[in-house]
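> One structure, as structure tokens, below. Some questions next.
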Amino acid sequence: MLHVDRRTGEILPADAPTPPGAGRPRRLAHRALHRRHPLQLWACRPPDADGPLPLVLNLHGGPNLVSVDSYNPQAQAWVASGVAYASLNYRGSVTFGRRFREGFIGSIGDRELEDIESAVRRLIADGVADAGRIFVTGASYGGFLSLLAVGRLSELFAGAMAFVPMADWVTAYDDMNPALRAAWKAFFGAAPDLDPDRFRHSSPITYVDAVRAPVWIMQATHDTRTPPKQAYAYAKALQDTGADVCIDWFSGGHETSSRGQEIHDQQRMTDLVRAALRGAPWSRGPVEPPSGQGLG
């Protein structure tokens, strides 16, 4: 952003960018092998750290996006707090060819979970991550996979932190943007009214009884990609099982655009991981819908 100095006419930056810190480089590990294909896995650890550490595994959204070698403030924040960080390009990620990019189609979540399990087991085998202290996080489709993982791979994760996740495909379908309904109908190969079992199979809400780790959800009140009603339904269903769950709300759509909010969210996650590591719960009482919206 620029502004003009009225006295001199000089054009100056109004908000000069802050140079990033030196950071900690991420290591590319091609050794996270699925039984049929290699997976690209990025990982970094705090400097001078010895032995396996608590680790946060980040899953990108999309799914047709990709995690690349670039400066990542979130990764550096985790490393600065003493927690290792990894990011996985699961099937559905781009830049690895059409077969890999379309690997999620027709069986939403199944092949991605296979890749997530392979990556976690490799991180443990390589001594990067401490089994029992691994957390999973992601936004949008990455949030969906985070919730699905703590339901279907419950033994692998100590907690899930999901931003604007898809938690219940059936409930969400009618509330979605129409263009997205058409896209997901094509990806699933059917609509919920024609094949509800396929949508239920891919929905994290189906597996709430199996969740053993704490869950935190950050959800937007006016999201038409991952609508609030389905996120609240999942949190409520998880709470009804006696699980440790909390949901925070922000006013907006599918993503935040505030640097202050991003810093707040990172601090919130850091506090949650620290709480879990010392055995403290995440829940602060009954989950509640956003003020003024009846989602129950």
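> May I ask you to evaluate 6.51 cos²θ - 1.76 cosθ + 1.60, the Karplus curve with θ = phi - 60°, for each residue of the stretch 188-200 and list the ³J(HN,Hα) values in order in whole Hz, giving x for glycine and proline?
Each residue's phi maps through the Karplus curve to give 6, x, 5, 9, x, 6, 8, 8, x, 5, 5, 6, 5 Hz.
> Could you line up T8, T224, T241 from fewest to most neighbouring Cβ atoms inside 10 Å?
Neighbour counts put them in this order, fewest first: T8, T241, T224.
> For a footprinting-style exposure proxy, rank I105, I116 by other Cβ within 10 Å, fewest first.
Arranged by neighbour count, lowest to highest, I105, I116 become I105, I116.
> Report the percentage of all Cα-Cα pairs in the chain whose separation exceeds 25 Å, rounded to a whole percent.
Details: 21189 of 43660 pairs.
Counting pairs separated by more than 25 Å, the tail of P(r) holds 49 percent.
> Relative contact order (percent) for the stretch 30-277, with alpha-carbon contacts under 8 angstrom and 6 or more residues of separation?
Values: 493 pairs, mean separation 42.8, N = 248.
Rounded, it is 17 percent for the stretch 30-277.
> Let me ask something additional. For each of S258, S87, count neighbouring Cβ atoms within 10 Å of the residue's Cβ, then give the residues from fewest to most.
Numbers: S258 11, S87 25.
So the residues, fewest neighbours to most, are S258, S87.
> May I pose another question? Taking the DSSP beta bridges in the stretch 30-277 as the whole, what percent of them are antiparallel, to the nearest 5?
Working: 7 of 34 bridges.
Of the beta bridges lying entirely in the stretch 30-277, close to 20 percent run antiparallel.
> Relative contact order, percent, of the stretch 150-270 when contacts are C-alpha pairs under 8 Å separated by at least 6 residues?
On the way: 188 pairs, mean separation 39.1, N = 121.
For the stretch 150-270, the relative contact order is 32 percent.
All of the numbers you see were taken from the coordinates with simple rules; none came from a lab. Only a predicted model underlies this, so the values are computations on that prediction, with no experimental measurement involved. Here the Cβ is made from the backbone with ideal geometry for all residues, glycine too, and neighbour counts use every protein chain on show.
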